[in-house]
Amino acid sequence: MAYQTLLDERRDGIAYVTINRPEKLNALNDQVMADLQTCFEDIQQDAAVRAVILTGSGEKAFVAGADIGVLAVQTPVEGKERSIRGQRVLDLIENLGKPVIAAVNGYALGGGCELAMACTIRIASENAKLGQPEVKLGIVPGYAGTQRLPRLVGKGRTMELVLSAEPISAAEAWRIGLVNQVVPAKDLIGACEALARKIMANGPLAVRFAMEAVNRGMEMTEEQGQFLEATLFGLCCTTADMKEGTRAFLEKRPPKFTGQ
Ligand code: COA
């Protein structure tokens, strides 16, 4: 499918989604958010796609935030509705049922950092800068940054990042657990592909249920989360993938998963 603001290429089980407004450092306007929603809904239904790599076009930015030109003229009600719409798109990405790897190829600020945090895993290039600069503009993060950031890096670091509005380097983002890996820019997509392929070699249903256990479990008490985990563990025992995975180990051969 063709989008106004995205490139969407699918090959060998991976969807490569690129936000394509390089002249505005891939800032998120309403069209980008609508395109992301349609694109990820389509990817969710496409059985041939087993993993997604999400990046920004050009060499400078992943996404430099929500489009400030749009934010500057919104009414309070529009602001609230825009925030809720954006939160839903990011929730869709977080709960896609397939791993989404953010290839953070430059600035990931404001909505860009929030978008990266909604992805399953983040790999950054050495030149990337991440941050939540909203308070500089007199607003708070609006795409769930105040909620996902403390879950990833803790409350104290969140307060420093959000209140200072200062971006941090890729190396610092790695140190505090905001990104999973930092690689030279030329190796970024290759590193994302290598991780995607590693995940894709595993049982697809087990991968999906593991993501569900972590994502849903984070919203529950630990006791409820453990019960959810045990239930999903039991569900895995009904799958052909579980039989194949365990049999392949015992027969000392690689498994051939079918996602059934
Ligand atoms: N919204 C709208 N336009 C944006 C944007 C955003 N979030 N971020 C960058 N742009 C635009 C710039 O206005 C400029 O457009 P122009 O050429 O028509 O003037 C273009 O993208 C290039 O950006 P520029 O600022 O010239 O690049 P730079 O290398 O000097 O600075 C940044 C890069 C990321 C430091 C700077 O663009 C910036 O601070 N952006 C805003 C970040 C932000 O506050 N994001 C949170 C929003 S809630």
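The values are calculated or read from the model by the stated rules, or taken from the named source; none is laboratory data. No experiment lies behind these values; they were computed from the predicted model shown. Note that each Cβ is placed from the backbone with ideal geometry, even for glycine, and that neighbours are counted across all protein chains shown. Note: accessible area is taken over every heavy atom of the protein model, side chains too, but ligands, DNA and RNA are not part of it. Shrake-Rupley method; radii C 1.70, N 1.55, O 1.52, S 1.80 Å.
Odds and ends about this structure:
- In summary, the lysines within cross-link reach of LYS198, defined as a Cα separation below 30 angstrom excluding same-chain residues under 8 places away, comprise LYS60, LYS98, LYS129, LYS186, LYS243, LYS252, LYS256.
- For VAL179, residues with placed amide H under 5 Å, excluding near neighbours: TRP174
- Amide proton proximity set for ASP67, modelled H, under 5 Å, gap of 5+: LEU28, ASN29
- Per residue value of the accessible surface for the chain (all protein chains in place, 1.4 Å probe), Å²: 52 Å²
- Normalised radius of gyration (Cα atoms, divided by 2.2 N^0.38 Å) for segment 146-193: 1.29.
- Helix-derived mean residue ellipticity, 222 nm - over the chain, DSSP H n ≥ 4, -39500 (n - 2.57), to 500: -14500 deg cm²/dmol
- With Cα atoms, 0 to 90° folded angle of helix 76-94 axis to the chain main axis: 30 degrees
- Percent carbon-and-sulfur accessible area, the chain, ignoring ligands, DNA and RNA, probe 1.4 Å: 57 percent
- Cα-based helix-to-principal-axis angle, 222-236 vs the chain, degrees rounded to 10: 50 degrees
- Simple Cβ-charge dipole of segment 179-239, Lys/Arg +1 and Asp/Glu -1, about Cα centre, in debye nearest 20: 340 debye
- Relative contact order (%) - criterion: Cα under 8 Å, at least six apart; region: the chain: 15 percent
- Percentage, to the nearest whole number, of Cα pairs in segment 204-250 over 16 Å apart: 41 percent
- Between ILE68, ILE168, ILE121, the residue with the greatest mean-square fluctuation in the GNM of the chain (Cα pairs under 10 Å linked by springs) is ILE68.
- Other residues with beta-carbon under 9 Å from the beta-carbon of THR120 carry, at +1 per Lys or Arg and -1 per Asp or Glu, a net charge of +1.
- A convex hull fitted around the alpha carbon atoms of segment 6-200 yields 102 Å³ per residue.
- A Cβ-based charge dipole, computed about the Cα centre of segment 204-250 with Lys and Arg at +1 and Asp and Glu at -1, lands at about 260 debye.
- Top positive-direction residue, dipole computed over the chain with Cβ charges, set LEU90, GLY145, SER169: SER169
- Computed about its Cα centre, the charge dipole of the chain is approximately 560 debye, with only Lys, Arg, Asp and Glu carrying charge at their Cβ.
- For TYR107, residues with placed amide H under 5 Å, excluding near neighbours: ALA61, PHE62, LYS129
- Cα-based helix-to-principal-axis angle, 188-200 vs the chain, degrees rounded to 10: 30 degrees
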